[in-house]
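The values are calculated or read from the model by the stated rules, or taken from the named source; none is laboratory data. Predicted, not measured: the structure shown is a model, and the values here were computed from it. Using ideal geometry, Cβ is built from the backbone for each residue, glycine included, and neighbour counts are taken over all protein chains shown.
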Amino acid sequence: MDWSFFGHLPRRNLHQDIIDRSLYEQPAFKQVIAPLAKELLSSVVFDDNIVEKECPIDMDPFQNGEDLLRLPCKHLFRKSSIMNWLENRSAKCPVCRYQLPYIEVRNEETDDSSGTTDGRTQTEELDDDIAIGRSNFLSSLSQIYGRSSNAF
């Protein structure tokens with residue numbers, strides 16, 4: 001088969017485009033640590049006897065005498081890093097996904113309008129992509145079968 005015949009079709013795969021978009025979509029709500037759940041975190045002062053030597057979030061080494069926080073799953077973190085994570089990202093341990101008690105809050109990283117840079121929504125862009133793909137497909141069929149694309 002002569003694959004060059006399909007050269008006029010869009011290069012991107014519509015299904016792959018949908019999958020790619022879903023990877024970057026943020027949910028409308030997120031689960032962050034509940035205020036009372038902060039009591040489950042224990043304060044630890046770092047010394048050389050502690051096995052963990054760096055914060056899993058910021059990857060910087062702990063310093064002797066530094067205040068750390070231990071989650072119920074026993075993972076240690078720099079206090080500022082883990083509190084930022086728990087209060088703004090997720091109520092799960094970033095290492096093992098241990099679920100702390102949480103509350104749901106609106107995710108400020110999402111844009112309710114789902115607008116694109118030209119003012120059209122992602123749904124409108126997707127509809128256009130589908131229409132273009134359909135048009136190209138019908139054009140291909142008409143070339144193969146020698147009919148008008150309106151016949152399909």
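Tabulated data for the structure shown
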read-out: Cβ-Cβ under 8 Å pairs, at least 6 apart or on other chains, the stretch 33-45 side touching a residue at least 12 places away in the same chain (Cβ under 8 Å), far side in a loop (DSSP other than H, G, I, E, B) and charged (D, E, K, R); value: 45/66
read-out: Residue list for the stretch 61-93, restricted to those being charged (D, E, K, R) and over 25 Å from residue 108 (Cα atoms); value: 66, 67, 70, 74
read-out: Flag if residue 114 is within 12 Å of residue 33 (Cβ to Cβ) and modelled with pLDDT under 95; value: no
read-out: Test: residue in the stretch 51-65 that is at negative phi, of a type in the set (Val, Ile, Thr) and either exposed (fewer than 12 other Cβ atoms within 10 Å of the Cβ) or at pLDDT below 90 (or both); value: yes
read-out: Residue check, residue 103 at pLDDT below 95 and β-branched (Val, Ile, Thr); value: yes
